Amino acid sequence: MGEWYLEYEIQVNRPGLLGDISSLLGMLRVNIVTINGVDGGHRGMLLRADNDDQIARFEQIAETMETIHVIKIREPKLRDILAVRHGRYIQRDADERKTFRFLRRDLGILVDFMAEIFKQEGHKLIGVRGMPRVGKTESVVAASVCANKKWIFLSSTMIKQTLRKNLAGDEFSKDNIFILDGIVTRQAEDERHMQLVREMMRMPSIKVVEHPDMFVQHSEYNIEDFDYIIELRTDPDQEITYEMMEKNHMMSDRGTMDGSGLFNF
């Protein structure tokens, strides 16, 4: 049984229209899994059908209907599934198609989006851009919980500055979510940490890199290696810059030298 995404625009809004469309799909033995309004006053549906002919017959009939205009009818993409769940499409960069933009008020959608990616098997490299205290790390951890995956920090500043040199037991599993802070890793001078990062990058697993632009500096990796780039902002006009973040990390390093604490293991 295959799944399909249907999105249509209402041309003539009248009582009973949704019931007529639902009845037509029912007569064609097409099941409606989920239905919701999406962007622009459109209506989206996730459908399930035994074969493609049922969907093709519905499309032919829909073309003769004056009350609706079919916008999309295709196998559902991740953005389609999330649009039906949340009532709108997540924003994607027009030029960089792998770049997705979120605002802090939309953390629920962001967590859902990342959780669906985390459920997939195999290698995925995800970069997360954003200023401090916007919710980057918290969103990655929450998405790991939703996907029922264990998360492993290789480098982080979430509580204290963390720098891992090795993993133990089931930590080195392709089923885990590996998280690293690109600024902390880039500034690390410990070759054992960098070797661990290289091993992790070769694994067929999910990797999440905060501050990916800083991570690729002076490394063998480049921004084209990333499958997804997520940008998280407090408001639409917030500029993501790295000067202040690097200063914060340098202050953290000085604090470590003074004994304020670095998780280095």
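The values are calculated or read from the model by the stated rules, or taken from the named source; none is laboratory data. For clarity, every value in this text was computed on a predicted model and none was experimentally measured. Note: ideal-geometry Cβ built from the backbone for every residue, glycine included; neighbour counts use all protein chains shown. Just so you know, the surface numbers come from the protein's heavy atoms only, side chains and all, with ligands and any DNA or RNA stripped out. Shrake-Rupley method; radii C 1.70, N 1.55, O 1.52, S 1.80 Å.
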- [ ] Could you list, in sequence order, all residues of segment 73-108 that are under 25 Å from Val12 (Cβ atoms), modelled with pLDDT of 95 or more and open to solvent by 50 Å² or more (accessible area, probe 1.4 Å)?
- [x] Arg74
Open item on the list: Any residue that is open to solvent by 50 Å² or more (accessible area, probe 1.4 Å), without any contact (Cβ under 8 Å) to a residue 40 or more places away in the chain and in contact with a strand residue (DSSP E or B) (Cβ under 6 Å, 6 or more places away or on another chain) - is there at least one of those in segment 62-69?
Closed with: no
- [ ] Scan segment 70-113 residue by residue and report those that are touching a residue at least 24 places away in the same chain (Cβ under 8 Å), under 27 Å from Ala49 (Cα atoms) and hydrophobic (A, V, I, L, M, F, W, C).
- [x] Val70, Ile71, Ile73, Leu78, Ile81, Leu82, Ala83, Val84, Phe113
Task: Residue list for segment 158-193, filter: aliphatic (A, V, I, L, M) and either surrounded by 15 or more Cβ atoms within 10 Å (Cβ to Cβ) or in contact with a strand residue (DSSP E or B) (Cβ under 6 Å, 6 or more places away or on another chain) (or both) - done: Met158, Leu163, Leu167, Ile177, Ile179, Leu180, Ile183, Val184, Ala188
- [ ] Mind counting the residues in segment 114-156 that are closer than 15 Å to Arg104 by Cα, of a type in the set (Asp, Glu) and open to solvent by less than 40 Å² (accessible area, probe 1.4 Å)?
- [x] 0
- [ ] Kindly establish whether Glu116 is assigned to a loop (DSSP other than H, G, I, E, B) and either touching a Gly at 6+ places or on another chain (Cβ under 6 Å) or touching a residue at least 24 places away in the same chain (Cβ under 8 Å) (or both).
- [x] no
- [ ] Determine whether segment 10-20 contains at least one residue that is small (Gly, Ala, Ser), under 32 Å from the mean Cα position of the chain (by Cα), modelled with pLDDT under 95 and surrounded by fewer than 16 Cβ atoms within 10 Å (Cβ to Cβ).
- [x] no
TODO: Find the strands (runs of 3 or more DSSP E) located wholly in segment 1-102 whose residues include 3 or more that are of a type in the set (Phe, Trp, Tyr), and list them.
DONE: 2-10
